[in-house]
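Shown next, in structure tokens, is the structure this report addresses.
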Amino acid sequence: MKGESNVKIINEMRLDFPAISENEGFARMVVSGFMLPLNPTMEELADVKTAVSEAVTNAIVHGYGGRRGTVRLHGAYTTENLLYIDVIDKGRGIADIESARQPFFTTAEGEERSGMGFTVMESFMDQVEVKSALGEGTTVRLIKRVDQREAALPRRS
Amino acid sequence: MFSYEVRRNALTVWLSGELDDRAAARLRKEIDALVDDARVRRLIFDVSELEFMDSSGIGLIIGRYKKVSKRGGSVAVTGQDRRIDKLFQMSGVYQVVERL
């Protein structure tokens, strides 16, 4: 999350919660609240909520797979209105990231998983970075430039 | 989370609230209790009242499609906003499910 040259982080947050499905909706709410000062459009807000929902669900369902664990959300935004959301788990990790990012890839065949998680994240965010190591966990970084309507609707200072 | 209406052999399901992984697990059981009635040949999902949906909704709809199509029935979706439409499009839902 280190910015280049003049880009500075304006705000940052960190949240740890247990890897249970109750927290999928909670994570979406937290991220919406966190990004509100960026003056997002409804569309941008919904894009980010959808991507976060996919990443947090992956951490709970695939990272921990029903075992106990903690999911960490780390959010930040910069002077250039770039929003970063890291979704971090210490679960089982992804064996082959390239395959996992393909549409319809799922390791949970019998459970009606669509295998569209990463595809959805990629189409609703500007950039998605995945780091993972077997047995150590996965970090998904979601990046989006927010507040493209700043000219039309000036932000309160 | 949903309401429904059965008319002859057609079942219409109105989904509402937030459809994520947690909600999908519950909905699957409740909707299947209705879909498992062999008389159901036509299943329509109305998603116009959904406040949120992620890819869990795709799994839910495709899963029900598999059941209904096995007995020669069909599935349709209606009421999708731009975001949900995009989700259905990118995942190929419209290849098997009719868009009303």
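Every read-out reported here was derived from the displayed coordinates using simple, explicitly stated rules and does not represent laboratory data. Quick caveat: nothing in here was measured; it's all calculated off a predicted structure. We place every Cβ from the backbone using ideal geometry, glycine too, and count neighbours over all the protein chains shown.
Structure values in brief
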| quantity | calculated |
| --- | --- |
| Residue-wise HN-Hα coupling along segment B:48-57, computed from phi with Karplus coefficients 6.51, -1.76, 1.60 (Hz; x: Gly, Pro) | 5, 9, 6, 8, 7, 8, 10, 5, 4, x |
| Among the listed pairs A:K8/A:K131; B:K29/B:K67; A:K49/A:K131; B:K66/B:K86; A:K90/A:K131, those beyond 18 Å (Cα-Cα) | A:K8/A:K131; A:K49/A:K131; B:K66/B:K86 |
| Length gained when the stretch B:A25-B:A38 is fully extended (0.36 nm per residue, less Cα-Cα span) | 2.5 nm |
| Label point distance in nm, A:E22-B:E5, each placed 7 Å from Cα along Cα→Cβ | 3.6 |
| In range of the label at A:D126: residues from segment A:70-103 whose backbone nitrogen is under 11 Å from the point 7 Å along Cα→Cβ | A:78-84 |
| Distant-in-sequence amide H partners of B:L19 (H built 1.01 Å from N, under 5 Å) | B:E51, B:F52, B:M53, B:D54 |
| Value of relative contact order over chain B, rounded to a whole percent, pairs C-alpha under 8 Å and six or more apart | 28 |
| Segment B:1-48 - Rg (one decimal) and Dmax (whole number), Cα, Å | 10.7, 31 |
| Check: segment B:2-99 dipole with +1 on Lys, Arg Cβ and -1 on Asp, Glu Cβ, in debye | 600 |
| Inter-centroid distance (Cα atoms) of segment B:41-65 relative to segment A:20-75, Å | 21 |
| Rounded tilt (10° steps) of B:21-35 against the dominant C-alpha axis of chain B | 20 |
| Alpha-carbon radius of gyration plus Dmax, which is the widest Cα pair, for segment B:2-99 in Å | 12.2, 33 |
| Cα Rg over Rh - chain A, Kirkwood | 0.98 |
